[in-house]
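*Asks:* Handing you this structure, nothing more for now.
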Amino acid sequence: MERGKEEAPGKVGLIGLGAYTPDRIMTNEEWTRHVDTSDEWIRSRTGIERRRIAAEDQTTVDLAEQAALRALEDAGLPIDEIDEIIVATDTPEVYIPDTSAFLQHRLQAPNVSAFDLAGSGCAGFLQALDVARSRVLGGRQHVLVVGVELLTRLMNWKDRNTCVLFGDAAGAAVVARSSSAVEILSATAGTDGSKADVLALEMGGTRTPFSEEGARLDLHHDIVMKGREVFKEAVRRMSQAAREVLEQAGETLDRVSLVVPHQANRRIIDAVARVLGLASDKVFMNVQEFGNTGSASIPLALVQARDAGRVRTGDLVLLTSFGAGFHWGATLLQF
Ligand code: ACO
């Protein structure tokens, strides 16, 4: 992304974007060797054909670092111009401290403040982007935002209800005030904590601390998920958030060039498009290639949409996401 020299007050947005996916590709066919499933079941229920799996020696910070470096390069910015780092992840490097501490050290950005936004599932990146925007409005110069997930390391490889859905990836953005920024026109977010138990990884918290019995039963890998309820709410909330963010900006959907939804499932994406009355060529989809990459899904899809020439200068692009919590959010960008 080219950076203009002249600073335009009030235009806060993305000045760099980057994404990273591990090399190893795992097909649906390969899953049939681990659980009782089929390529046909996975494709027809989710649209997923393959996903990326991190190498055994890679951890969350390795993925985050690659995406961050690419976003910095895209912004044409050295790391020493970053003055805050925010990481959105549900699959942290370790339990304590958070992943942002590891990333700050890895990027050699001493004394730069850093923190994680954890546990908001796939909505994490849009929450972090919104926080980054407010930090820049509050005086920070350049905030690095990373969405990273190494879900295949923590999920239960024996649970066919969940394991076939996920993949590993990282995406990043640099948020700043600049005349050439992809402007964040508006952002919205919401939470329904009454649904906290519908999609959860419980073991390890104070409610269900680690125990010998839990370890024996492999409970620390168990993602609780009521799939149909998640599906229904994801469609409802992502479309609702999309409408809200447009209204906030005084814009209408027919002026939007591309919608980039969270990539959980082709059927969820198709249903959101139907509810909003969107033609399929206005909706970006890469879930077939990468599966559900949690908080990395939106930045990864955005980078791919841009690199594929799906967005041009001046275009309105709408991001909308939904995840555990339930949390959801939407962001309207102008390229
Ligand atoms: N292979 C074969 N069969 C399977 C598999 C599998 N991988 N997984 C589940 N099944 C079986 C179940 O055991 C069940 O069998 P039963 O009827 O004998 O009990 C049956 O398939 C369930 O079938 P359906 O109810 O028809 O499945 P459905 O059409 O609801 O699809 C799915 C399930 C894909 C999970 C769907 O509900 C969904 O996409 N929900 C959203 C979940 C999601 O995206 N979660 C990710 C995190 S949240 C987010 O990112 C938004």
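*Asks:* LEU137 - would you say it is surrounded by fewer than 17 Cβ atoms within 10 Å (Cβ to Cβ), touching a Ser or Thr at 6+ places or on another chain (Cβ under 6 Å) and outside the structural domain of GLY323 (by TED's automatic domain parsing)?
*Replies:* Values: surrounded by fewer than 17 Cβ atoms within 10 Å (Cβ to Cβ): yes; touching a Ser or Thr at 6+ places or on another chain (Cβ under 6 Å): no; outside the structural domain of GLY323 (by TED's automatic domain parsing): yes.
No, not satisfied.
*Asks:* For LEU219, only one of the following conditions fails: (1) free of Cβ contacts under 8 Å to residues at least 24 places away in the same chain; (2) surrounded by fewer than 17 Cβ atoms within 10 Å (Cβ to Cβ). What is its number?
*Replies:* (2)
*Asks:* Among PHE231, PHE284, which is touching a Leu at 6+ places or on another chain (Cβ under 8 Å), in contact (Cβ under 8 Å) with a residue 24 or more places away in the chain and assigned by TED's automatic domain parsing to the domain that holds SER321? Walk me through it before giving the result.
*Replies:* Numbers: PHE231 fails: touching a Leu at 6+ places or on another chain (Cβ under 8 Å).
Exactly one of PHE231, PHE284 is touching a Leu at 6+ places or on another chain (Cβ under 8 Å), in contact (Cβ under 8 Å) with a residue 24 or more places away in the chain and assigned by TED's automatic domain parsing to the domain that holds SER321, namely PHE284.
*Asks:* Please enumerate the residues belonging to segment 158-170 that are more than 9 Å from the ligand (Cβ to nearest atom) and either modelled with pLDDT under 95 or not hydrophobic (A, V, I, L, M, F, W, C) (or both).
*Replies:* Applying the first criterion (more than 9 Å from the ligand (Cβ to nearest atom)) to segment 158-170 yields 158, 167-170.
LYS158, GLY167, ASP168, listed by residue number.
*Asks:* Select from segment 286-310 the residues that are in contact with a Phe, Trp or Tyr (Cβ under 7 Å, 6 or more places away or on another chain), part of a loop (DSSP other than H, G, I, E, B) and within 22 Å of VAL230 (Cβ to Cβ) and list them in ascending order.
*Replies:* The one that is in contact with a Phe, Trp or Tyr (Cβ under 7 Å, 6 or more places away or on another chain), part of a loop (DSSP other than H, G, I, E, B) and within 22 Å of VAL230 (Cβ to Cβ): GLY291.
*Asks:* OK, next. Can you tell me which residue among ALA215, ALA234 is within 19 Å of the chain's Cα centre (by Cα) and either assigned to a helix (DSSP H, G or I) or aliphatic (A, V, I, L, M) (or both)? First the steps, then the outcome.
*Replies:* On the way: ALA215 fails: within 19 Å of the chain's Cα centre (by Cα).
The match here is ALA234.
*Asks:* Now for a separate question. Filter segment 278-335 down to the residues that are surrounded by fewer than 18 Cβ atoms within 10 Å (Cβ to Cβ) and in contact with a Gly (Cβ under 6 Å, 6 or more places away or on another chain) and list them by number.
*Replies:* Of everything in segment 278-335, just one residue is surrounded by fewer than 18 Cβ atoms within 10 Å (Cβ to Cβ) and in contact with a Gly (Cβ under 6 Å, 6 or more places away or on another chain), namely GLN288.
*Asks:* Would segment 162-174 turn up any residue that is of a type in the set (Phe, Trp, Tyr), farther than 21 Å from VAL303 by Cβ and surrounded by 17 or more Cβ atoms within 10 Å (Cβ to Cβ)? Before the answer, list the steps.
*Replies:* Step one: of segment 162-174, the residues of a type in the set (Phe, Trp, Tyr) are 166.
In the following step, the residues that additionally are farther than 21 Å from VAL303 by Cβ were identified as none.
No: segment 162-174 contains no residue that is of a type in the set (Phe, Trp, Tyr), farther than 21 Å from VAL303 by Cβ and surrounded by 17 or more Cβ atoms within 10 Å (Cβ to Cβ).
*Asks:* Also, quick follow-up: Could you tell me which of the residues GLU229, GLU244 is at pLDDT 95 or above, part of a helix (DSSP H, G or I) and exposed (fewer than 14 other Cβ atoms within 10 Å of the Cβ)? Walk me through it before giving the result.
*Replies:* Details: GLU244 fails: exposed (fewer than 14 other Cβ atoms within 10 Å of the Cβ).
Sole residue among the options that is at pLDDT 95 or above, part of a helix (DSSP H, G or I) and exposed (fewer than 14 other Cβ atoms within 10 Å of the Cβ): GLU229.
*Asks:* For segment 118-135, enumerate the residues that are within 16 Å of the ligand (Cβ to nearest atom) and out of contact with any Phe, Trp or Tyr (no Cβ under 6 Å at 6 or more places or on another chain). I'd like the intermediate steps shown before the answer.
*Replies:* Quick first cut of segment 118-135, residues within 16 Å of the ligand (Cβ to nearest atom) only: 118-127.
Within segment 118-135, ALA118, GLY119, SER120, GLY121, CYS122, GLY124, PHE125, LEU126, GLN127 qualify.
*Asks:* Output the residues belonging to segment 289-317 that are of a type outside the set (Phe, Trp, Tyr), on the phi < 0 side of the Ramachandran plot and within 14 Å of the ligand (Cβ to nearest atom). Give the derivation first.
*Replies:* Keep residues of segment 289-317 that are of a type outside the set (Phe, Trp, Tyr), which gives 289, 291-317.
Filter once more, so that each one left must be on the phi < 0 side of the Ramachandran plot: 289, 292-293, 295-308, 310-313, 315-317.
Of everything in segment 289-317, those that are of a type outside the set (Phe, Trp, Tyr), on the phi < 0 side of the Ramachandran plot and within 14 Å of the ligand (Cβ to nearest atom) turn out to be ASN292, THR293, SER295, ALA296, SER297, ILE298, LEU300, ALA301.
*Asks:* Against the definition (in the same structural domain as ALA19 (by TED's automatic domain parsing), under 19 Å from the mean Cα position of the chain (by Cα), touching a residue at least 12 places away in the same chain (Cβ under 8 Å) and within 19 Å of VAL87 (Cβ to Cβ)), how does ALA176 come out, yes or no? Spell out how you get there, then give the answer.
*Replies:* Numbers: in the same structural domain as ALA19 (by TED's automatic domain parsing): yes; under 19 Å from the mean Cα position of the chain (by Cα): no; touching a residue at least 12 places away in the same chain (Cβ under 8 Å): yes; within 19 Å of VAL87 (Cβ to Cβ): yes.
Judged against the criteria, ALA176 is not a match.
The values are calculated or read from the model by the stated rules, or taken from the named source; none is laboratory data. For clarity, every value in this text was computed on a predicted model and none was experimentally measured. Virtual Cβ from ideal backbone geometry, glycine too; neighbours counted across all protein chains shown.
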